[in-house]
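Remarks on the structure that follows.
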Amino acid sequence: MRRPGLEVADVFHRHGAGWRRAHAGHVSLDQLQVMSAIEQCRSAALGGHVERCEDCGHSRIAYNSCRNRHCPKCQGAAAKDWLAAREADLLPVGYFHVVFTLPAEIAPIASQNKAVVYDLLFRTAAETLLTIAPTGQARGLKANDPKHLGARIGLTAVLHTWGSALTQNPHS
């Protein structure tokens, strides 16, 4: 497999130390560990092994992966497979992308009480969508009207705990 011209690890190697200094006190230990894992992934820092072709005898060093769930090298193929499986599940109907974001003041509470706060976020998001979604009942039709197949909305929810700037930003 051919290496891309620029990887996230390259950006972290070049700018990571300065970024860490500039954001000291605002970056969680988890985020720092992810950055470190990505920087070390498939490098001598994690060790490696020698791969040798039994036919021609050619050998090369293969460095070990970090296996971090946020690493694009380790999880890139898995992410593509997951996306393809989700696309295969899609029905030929309209879809909407809706984001529910916790207020910034609640993010530190969520960080310390993940199970409780994220459960509340998902339940509240689902209840909100079920309440406000355009359904047959909202248009004055009776529930389970065969004319409209008795349909109700469905949803797929995904938790994102970091924003694009690698700052804590819980949203689903």
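The values are calculated or read from the model by the stated rules, or taken from the named source; none is laboratory data. In this text, all values refer to a predicted model and were calculated from it rather than measured experimentally. Note: ideal-geometry Cβ built from the backbone for every residue, glycine included; neighbour counts use all protein chains shown. Ligands, DNA and RNA are excluded from the accessible area calculation, which covers all protein heavy atoms including side chains. Shrake-Rupley method; radii C 1.70, N 1.55, O 1.52, S 1.80 Å.
For segment 35-51, what does the Karplus curve 6.51 cos²θ - 1.76 cosθ + 1.60, with θ = phi - 60°, yield as ³J(HN,Hα) per residue in whole Hz, taken in order and with x for Gly and Pro?
Per residue, the Karplus-derived 3J(HN,Hα) values read 4, 4, 4, 5, 5, 8, 4, 6, 10, 4, 4, 9, x, x, 8, 9, 9 Hz.
Please state the Cα pair-distance histogram of segment 1-85 with 5 angstrom bins from zero: what percent is in each bin?
Histogramming segment 1-85 at 5 Å steps yields 3, 12, 17, 21, 17, 14, 9, 4, 2, 1, 0 percent.
As a test of reading the structure, rank ASP119, ASP89 by solvent-accessible area (1.4 Å probe, protein chains only), most first.
Ranked list, largest accessible area first: ASP89, ASP119.
Ignoring ligands, DNA and RNA, how do GLU7, GLU51, GLU127 rank by accessible area with a 1.4 Å probe, largest first?
GLU127, GLU51, GLU7
Which far-off residues, 5 or more places away or on another chain, put their amide H under 5 Å from the one on GLY48, with H placed in the peptide plane?
ASN64
Cβ under 14 Å from HIS49's Cβ, HIS49 left aside: what net charge do those residues give with Lys, Arg +1 and Asp, Glu -1?
+2
Calculate what fraction, in whole %, of the accessible area of segment 1-141 sits on carbon and sulfur atoms when a 1.4 Å probe is rolled over the protein chains.
57
Hey, what do the phi angles of segment 15-27 turn into as Karplus ³J(HN,Hα) couplings, whole Hz, using 6.51/-1.76/1.60 and θ = phi - 60°, x for Gly and Pro?
10, x, 4, x, 5, 4, 5, 5, 10, 3, x, 10, 10
Quick one: grab the alpha carbon gyration tensor of segment 32-122, order the square roots of its eigenvalues as a ≥ b ≥ c, and give me rounded if a/c is under 1.5, else prolate or oblate depending on whether a/b is larger than b/c.
oblate
Could you give me the ³J(HN,Hα) list for segment 82-97, computed from phi with Karplus coefficients 6.51, -1.76, 1.60 and θ = phi - 60°, whole Hz, x at Gly and Pro?
Ordered by residue, 3J(HN,Hα) equals 4, 5, 4, 5, 5, 5, 5, 7, 5, 8, x, 9, x, 10, 10, 9 Hz.
How many Å² of accessible area per residue for segment 1-64, probe 1.4 Å?
The answer is 77 Å² per residue.
Provide the FRET efficiency to the nearest 0.05 for the CYS56-GLU87 pair, computing r from the beta carbons and using R0 = 35 Å.
E(calc), rounded to 0.05, equals 0.30.
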